Amino acid sequence: MEKRRPLVAEIKRNSLDDGPGIRSVVFFKGCPLCCVWCHNPECTRAGEDLMFRGDQCIGCGACADVCTEHAIAAGGRGAIERELCTLCGDCADECPSGALSLIGTYHEPEELVEILLRDKPFYDNSGGGVTLSGGEPTLAMNYTAAVAKGLRERGVHVLVETCGDFAWERFADTLLPHVDLVYIDMKIESAALHEKFTGRTNERIKENLEKLASTRAVEFLVRVPLVPEVTATRANLEGIAAWLRERGVERIALLPYNPLWPAKVQSLGGSPAYERSGWMSREECDAAKKAFVGFRLERDF
């Protein structure tokens, strides 16, 4: 297994948005990218995070009373000194309203499989299954493979959602044999802009996408997140479309921008690196689709 124990941020049940049918989605913590628009900021770090939801706080002060590091001011209304916090979780355990929560739970692979199998009747009746997401599930390749193998052996469809930045040989040997479907992102075509907005270049992502397209080792779907003024520019979308056409990719999914994520960044004690307060307009969505004429869009909006 990996040196660091892989943590799960959340298990989302009864999902209809992360693959075919009714699915359970496992959000792993940790990601090699640091996208300025990340919609799952609680999954960026591999370690635990303390989340404070101010709208749920009742101001009882129980969290401050149990904090031995004095990282929470009296009254406990969000005044958390993050540099003093040791992430012990005592405040979250004591919080009666759920305003405080420690994000990150470890399960042995067999234990996680058993948890996910509780919803197998829904998978079977809907053509669904389990989606391994994040964060980035390939960061814990051996662990993720053990979970995927356990699910497949029990007849569960397994989908992996990935940013595409992984070691191909290890992925192909360890995880791919236990996967039915891969969702892989292509965010930005330019290597320089990709590094500017995600913290890393996209060479390895492109190489892995090419391997998926050329080997057809597994069914896959390319997903393009639409972020106004970042990924949803005409130049970037046309560049992605041209690159994918050259490699014979015929179907994609466009993922419209969701403006609700900045609140999660703030609940983790941070400030959003990018902000757009509103949803994309119909005109913006239609303009994005025009760049992919000839592709089969998996979802419309």
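The values are calculated or read from the model by the stated rules, or taken from the named source; none is laboratory data. Since we're looking at a predicted model, the values are computed, not measured. Counting neighbours? That spans all protein chains shown, and the Cβs are built from the backbone with ideal geometry, glycine included.
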Per the filter on the stretch 8-49, residues buried (at least 17 other Cβ atoms within 10 Å of the Cβ) and either at positive phi or in contact with a Cys (Cβ under 6 Å, 6 or more places away or on another chain) (or both) are Ala9, Gly19, Phe27, Lys29, Gly30, Leu33, Thr44
Residues in the stretch 169-220 that are under 27 Å from Val156 (Cα atoms) and among the β-branched types (Val, Ile, Thr) total 6
Item to complete: Report yes if Lys196 is closer than 30 Å to Leu50 by Cβ and buried (at least 20 other Cβ atoms within 10 Å of the Cβ), otherwise no.
Response: no
Expected output for the stretch 278-301 (first residue in the same structural domain as Ala242 (by TED's automatic domain parsing) and in contact (Cβ under 8 Å) with a residue 60 or more places away in the chain, partner surrounded by 14 or more Cβ atoms within 10 Å (Cβ to Cβ) and assigned to a loop (DSSP other than H, G, I, E, B), Cβ below 9 Å, 6+ apart or cross-chain) is Ala288/Leu226; Ala288/Ala232; Ala288/Pro256; Ala288/Met280
Given the structure, is Asp18 among the acidic types (Asp, Glu), under 26 Å from the mean Cα position of the chain (by Cα), in the same structural domain as Leu221 (by TED's automatic domain parsing) and under 25 Å from Thr198 (Cα atoms)? yes
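Yes/no per residue for (1) outside the structural domain of Lys12 (by TED's automatic domain parsing); (2) in a loop (DSSP other than H, G, I, E, B); (3) at pLDDT below 95:
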{"residue": "Cys60", "(1), (2), (3)": "yes, yes, yes"}
{"residue": "Cys63", "(1), (2), (3)": "yes, no, yes"}
{"residue": "His70", "(1), (2), (3)": "yes, yes, yes"}
{"residue": "Gly75", "(1), (2), (3)": "yes, yes, yes"}
{"residue": "Gly78", "(1), (2), (3)": "yes, yes, yes"}
{"residue": "Arg82", "(1), (2), (3)": "yes, yes, yes"}
{"residue": "Leu87", "(1), (2), (3)": "yes, yes, no"}
{"residue": "Ala92", "(1), (2), (3)": "yes, no, no"}
Of the residues in the stretch 202-223, those that are in contact (Cβ under 8 Å) with a residue 60 or more places away in the chain and buried (at least 21 other Cβ atoms within 10 Å of the Cβ) come to none
Filtering the stretch 140-184 down to residues that are in contact with a strand residue (DSSP E or B) (Cβ under 8 Å, 6 or more places away or on another chain) and aromatic (Phe, Trp, Tyr) yields Tyr183
Across the stretch 257-277, the tally of residues that are part of a loop (DSSP other than H, G, I, E, B) and over 29 Å from Leu181 (Cα atoms) stands at 10
When Ser101 is run through (1) more than 29 Å from Ala213 (Cβ to Cβ); (2) surrounded by fewer than 24 Cβ atoms within 10 Å (Cβ to Cβ); (3) touching a residue at least 24 places away in the same chain (Cβ under 8 Å); (4) more than 21 Å from the chain's Cα centre (by Cα), the failure sits at (4)
Of the listed residues (Leu254, Leu237), the one being part of a strand (DSSP E or B) and modelled with pLDDT of 95 or more is Leu254
Exactly one of Tyr106, Tyr143 is surrounded by 15 or more Cβ atoms within 10 Å (Cβ to Cβ), among the aromatic types (Phe, Trp, Tyr) and touching a residue at least 24 places away in the same chain (Cβ under 8 Å), and that residue is Tyr143
Being part of a loop (DSSP other than H, G, I, E, B) and over 16 Å from the mean Cα position of the chain (by Cα) narrows Glu195, Glu229, Glu210 down to just Glu229
Taking the stretch 281-298 and keeping only residues that are under 15 Å from Asn236 (Cβ atoms) and either in a loop (DSSP other than H, G, I, E, B) or of a type in the set (Lys, Arg) (or both), one is left with Lys289, Lys290, Ala291, Phe292
TODO: Confirm whether Glu246 is acidic (Asp, Glu) and either within 30 Å of Ala213 (Cβ to Cβ) or within 16 Å of the chain's Cα centre (by Cα) (or both).
DONE: yes
